[in-house]
Amino acid sequence: MDWPDNPFWDYALALYRRPGVEAACLELQARHGLDVNLLLFCCWLASRGIAPDRATLEAIAAAAERWQEAFVRPLRAVRSRLKADLAQPRPGDVAARFPDLAAALRARVLAVEIDGERLEQLLLAELAADLAPGAVRGVALAGANLQRYRDFGPSDREALSTLLRAAFPDAAADEVAAALEGSGR
């Protein structure tokens, strides 16, 4: 498949691969049922000096949620079920009889799930195209964007700190801590 250029995809992929980011994002996803793409999106917007208001971010999140609910989460559920069946196959089940084929199917479902995430990121980038930069780029703006996306609590502080430090490696520790004051008390 030929994918169009998408600066958000490139940014998100690079950020997600940094040490600790995947685990931090998945922890927040598991705790709150939130969309990892939107966590990364908040940071991407901040790196571009974009500070959407809460209503705009809620509208963007709602569009992404519709896609997640209809396509990405069902694919994730199938992939998770295959993983569980492969880890503890029941005698006579498909995963017990054909583990290599079931594992190959799981890999293909993962690839389709990632394509679904990538399509969502195309949507997010397109919805952001009309948002004008005007704020100071950086970790403080990322904290504010995250706060507008979701109300985070004290238990989220470490994961958010990991995300912000990875997204803005030049930010001083006190800048990251100040950015968390609004998004991860």
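Values quoted throughout were computed directly from the atomic coordinates according to the rules given, and no laboratory measurement underlies them. This structure is a prediction, so every number in the text was calculated from the model and none was measured. Note that each Cβ is placed from the backbone with ideal geometry, even for glycine, and that neighbours are counted across all protein chains shown.
Before moving on, here are some points about what is shown:
- Computed over the chain, the per-residue total of -39500 (n - 2.57) for DSSP H runs of n ≥ 4 gives a 222 nm mean residue ellipticity of -22500 deg cm²/dmol, rounded to 500.
- Between 0 and 90°, nearest 10: helix 157-167 axis offset from the chain longest Cα axis: 80 degrees
- Extended-chain gain in nm, criterion 0.36 nm per residue less alpha-carbon gap, residue 62 and residue 155: 31.0 nm
- The range 40-185: relative contact order in percent, alpha carbon pairs under 8 Å with at least 6 residues between: 35 percent
- Calculated Rg and Dmax of the chain using C-alpha coordinates, Å: 18.1, 61
- Ranked by how many other beta carbons lie within 10 Å on average, peptides 97-109, 59-71 from highest: 59-71, 97-109
- Full extension of the segment from residue 77 to residue 31, taken as 0.36 nm per residue of separation minus the current Cα-Cα distance, would add 14.9 nm.
- Remark: spin-label model distance residue 88-residue 70 equals 3.5 nm, labels positioned 7 Å along the Cα→Cβ axis.
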